[in-house]
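The structure appears below as C-alpha cells.
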Amino acid sequence: MRRTCRFSCRLKAVKHGKPFTFNGSKAREVGWAGEPLSDASDGIGRRSYPLSEEDMQVLLHATGCSSEMQRPLCKTGCLSERYRSFTGECNNRQHPKWGAANTPYSRWLPPEYEDIRGVPRGWDPEHTYYNYTLPPVRLISQNVLYTHNENISLDSSLSHLLVEWGQWIDHDFALTPQSPSTAAFRTGADCTRTCSRDTPCFPIQIPLSDPRTGTQSCMPFFRSAPSCVGSEGTPHHHREQLNAITSFVDASMVYGSSSPMAAALRNHSSPLGLLALNDQASDQGLAYMPYLPRLQGRLDPCGPRITVCLWVKLPVFCCLGDSRANEHLGMIALHTLFLREHNRLVSELHLLNPHWSPDTLYQEARKIMGAVHQILTWEHYLPRVLGETPTSLLMPPYKGYDPEIDPSIANVFSAAAFRFAHVTVQPMVARLGPGYSLAPQHPPLPLHHSLFASWRVVQEGGIDPVLRGLLLSPAKLQMPGQMMVEELTERLFQAQGGMPLDLGALNLQRGRDHGLPGYSSWRGLCGLSVPNTTSDLAGILGNPGLAEKFLLLYGTSQNIDVWVGAISEPPLPGGRVGPLLACLLAKQFRALRDGDRFWWEREAVFTSNQRAQLHTVSLSRIICDNTHITRVPSDPFSRTVSPEDMLACSHPLIPHLNLSAWKEPDTGTILLTLIPHLNLCLDGTGTVLLTLIPHPNLSDWMEPDTGRERGRENIEIGHGVSKGI
C-alpha cells in the first residue's frame, strides 16, 4: 500500500493546479466542511442553516473564502483592450469573473445530489433514484466499457493527433482540483487506504464479480474541491466544483492562469520576451522545457509538487503553464512544441520590430498563440468531431462578441461530455524514426508505460518520434463492444506504482461526485427524445443488446450516468459523436467563442491583414518549424495511410504564417520600456495620452486600446520631455 500512497500523491498533485489554487482549495474545503449545519430536515430534504449572517461572515473570513466574494477591479488603461489578463478576469466587464480562473463551473441543469445539498449520487449504495439503486461504477465499466487491447477497430479517417489535440485543448480550459485533504474528515482515515465513504474519500467499490476481487476491495477516489461562491460572488446553496484555470481558449497551458505563474515561465535574462528553456538538456539542438527542481527551500510557482512528496527519480519537466504536462508523452510533445513556437514567434517579431520592448514581443506572441489555438480547434478539430453539417447547424458563423453570454466551462462539459475521446485512445503509443519507420531504439509502448514517463523523451529520441507516431497512427474507432481499452480500465498508472486504476470508473464516479443529472435529463435539455422504454432506448442507441444491458444495470434510463449514455449513441454523419454530445459540445464551444472579448475574429482584436494571415495557420507548419521532422501531412488531423503520402515542409500546402502584417514603423525616437508604476498610452503618432496613473504590478497591465496599432508600451521621448504631457 505504500507504493499506492506514493503514486496517489503524485496524481493528486497534478490535479491541484498551482499554489494559489491549492491554498484556496483548502480554504474552501474547510469552509464547506466546517459549516455547523443542523441534521434536522425541513421536511423536503433540505438541511436548515442555524448560522446567523454575522456568524457566516466570520466563517467566510476565517476560511479565506471572503476573498472570493470580492469583485475584481477592472482596469481601464490602454492595455486591457489589447491583451487578456492571465487569470481571465475582466474579459467581461459587467461580469468580471465569468470565465476566470478559480471560479466554479457553470450549471446548465441544477445538480442532483443525494441530499440535495452536496452528497454525491450513489454515496449510500441503498439509496434509490426513480425506485432503483445506482449500480457500482466499476460494474458499469466491466460490463459496458471494457475492451481487450487487441479487440479494437481503427478509424479510417482520423489520426491519433486529433485525439491528442482534444486532451491538449481540454488542458487549456478545464482543471478540476481534487480535495487538498488526504484524510477523512470524520475518522481521519487515509483516503488511499480506506474503503469507507467519508468526505473527501469516495472510494470506488469493487463488485464481488470483478476479477480484482480478492486483491482489493476498492480503488481510491478523492472528491473534487468545493467552491465557496458562485461566479457572481454569492454563496452557494449546494456544492459547486472549481475550475482552477481560465475557461477561455487562450493557450493558458503554455502561459499559465496567473500573473506569478506567467512570470515564472519567462526568461527574464533575455531582452526578447522569451519563455524559459532547459539549460541542462536539448533535443538534438532544439529546446526542452525546464526541469522540475529537485530541491527547493520555499514554495515556488514552478515546483509545488516537490513540497507534497519526493517522487522524482529522473528528470521531470516542470516550468509549464499546466500542472498536467507530464501525464504522458503526447502532452510533453505538444507542450514542448508550443514552447518552441512562442520563442520562434518572438524572434521573428523582433526582426520585424526591433524597437518593440520584451513585454510587447511576449504579449504579441501570446496573443497570436491564443488565436492559433482557437483556429485549430474551431476550424480543424470540431468539424471532424461533430461532423461538417452538425457544426454548421449547431454553431452558426461568428456574429461578434456578446457580453450577455457566459463563457464559463459547464460542469457537465468538464466532468462528462468532453471526456468522450477516452474511448478513441489507442492501447499502444507509436514512436517512429525518420521516414516514419519503426526504430528499434524507441519501439512502440503500451499506453500505461507512457504515463508520467517524461524521462523517455530525454533518453529515447526527443519529441520527434512521438509526433511522428501521432501523425501516422489512426485513432481508435468507438463502437459498441469496443468502448475503452484495457490499458485504461485495467492498467491505468500500473507502471507508476500502486494498484492500477480504471479511467471509465473514475469518469463515472466524478460525474456522481459533481451531482450531474442522469442521461435522460440532458437529452431533454437538448430537445432530444427521452427514452421511456427499452425499445425507445434501443432506437436511440441503435443497439437493442446495449439498451437491455443498460436497463439491467440501471433499472431506468433516468439513472444512466450521462457520460456512458452519451458515448454510447451512434455518431452523426461525418462526425464521431452522437446527438447528445454534439449538442453539449456545440453549446459550450459556441459560448467560448461568442462570450470571449478577445476572440480572434473580433474586429478590435487583430487587423484585417493579420486575420487573413492567421486563417492560414497549420499545425503541420508548426511541427515543421519547431522539430527535425521534414515531411508532414497537409491535414494532420486526418489519417495518413502511408509515409509516402506525407508532404515536404516546403510544399505550398504547408504555408508559413507571414508575420509581416505585424510590422510597425519605427519612428526613430528614443524608446523606453514600460515603467512599472506608470500607465502611459500613445496615439498613432507616439504622443502620450495618459500618464501618471499608479499601477502596482507590471504583470497585471491589461488595459484598453486607444486605436493605435502595437508597441504602445514604448514611451516616446523628445528632447527629454514627453510630448503631450
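The values are calculated or read from the model by the stated rules, or taken from the named source; none is laboratory data. Computed from a predicted structure; not experimentally measured. Virtual Cβ from ideal backbone geometry, glycine too; neighbours counted across all protein chains shown.
Brief remarks on what is shown
- For the range 279-292, the tally of residues that are assigned to a loop (DSSP other than H, G, I, E, B) and touching a residue at least 24 places away in the same chain (Cβ under 8 Å) stands at 7.
- Look at (1) surrounded by fewer than 14 Cβ atoms within 10 Å (Cβ to Cβ); (2) touching an Asp or Glu at 6+ places or on another chain (Cβ under 9 Å) and you find that Ile622 fails only one, number (1).
- For the residues Leu467, Leu516, Leu472, the requirement of being over 30 Å from Gln284 (Cα atoms) and aliphatic (A, V, I, L, M) singles out Leu516.
- Selection count, the range 153-194, where residues are among the hydrophobic types (A, V, I, L, M, F, W, C), at pLDDT below 95 and crowded, with 20+ Cβ neighbours inside 10 Å: 1
- Listing of helices (runs of 4 or more DSSP H) fully contained in the range 566-639 that carry 1 or more residues being touching a Lys or Arg at 6+ places or on another chain (Cβ under 7 Å) and under 24 Å from Leu394 (Cβ atoms): 579-594
- When restricted to residues that are touching a residue at least 12 places away in the same chain (Cβ under 8 Å) and not in a loop (DSSP other than H, G, I, E, B), the range 384-433 contains 26.
- Selection from the range 248-270 of residues that are in contact (Cβ under 8 Å) with a residue 24 or more places away in the chain, assigned to a loop (DSSP other than H, G, I, E, B) and touching a strand residue (DSSP E or B) at 6+ places or on another chain (Cβ under 8 Å): Leu265
- Qualifying position, being of a type in the set (Lys, Arg) and within 18 Å of Arg93 (Cβ to Cβ), among Arg597, Arg590, Arg611: Arg597
- Residues located in the range 112-134, provided they are farther than 11 Å from Arg512 by Cβ and part of a loop (DSSP other than H, G, I, E, B): Asp115, Ile116, Arg117, Gly118, Asp124, Pro125, Glu126, His127, Tyr130, Asn131
- Only one of the numbered conditions (1) on the phi > 0 side of the Ramachandran plot; (2) of a type outside the set (Asp, Glu); (3) crowded, with 24+ Cβ neighbours inside 10 Å is not met by Tyr130, and that is (3).
- Residue that is touching a strand residue (DSSP E or B) at 6+ places or on another chain (Cβ under 9 Å) and either surrounded by 20 or more Cβ atoms within 10 Å (Cβ to Cβ) or touching a residue at least 24 places away in the same chain (Cβ under 8 Å) (or both), where the choices are Pro465, Pro480: Pro465
- Scanning the range 267-280 turns up one or more residues that are in contact with a Phe, Trp or Tyr (Cβ under 6 Å, 6 or more places away or on another chain) and crowded, with 24+ Cβ neighbours inside 10 Å.
- Hits in the range 321-332 - residues which are within 11 Å of Ser450 (Cβ to Cβ) and either basic (Lys, Arg) or part of a helix (DSSP H, G or I) (or both): Leu329, Gly330, Met331, Ile332
- Tabulated pairs, the range 437-449, first closer than 16 Å to Gly462 by Cβ, second outside any loop (DSSP other than H, G, I, E, B) and not aromatic (Phe, Trp, Tyr), C-beta under 7 angstrom, 6+ apart or interchain: Ala439/Leu432; Ala439/Gly433; Ala439/Pro465; His442/Pro465; Leu445/Met428; Leu445/Val429
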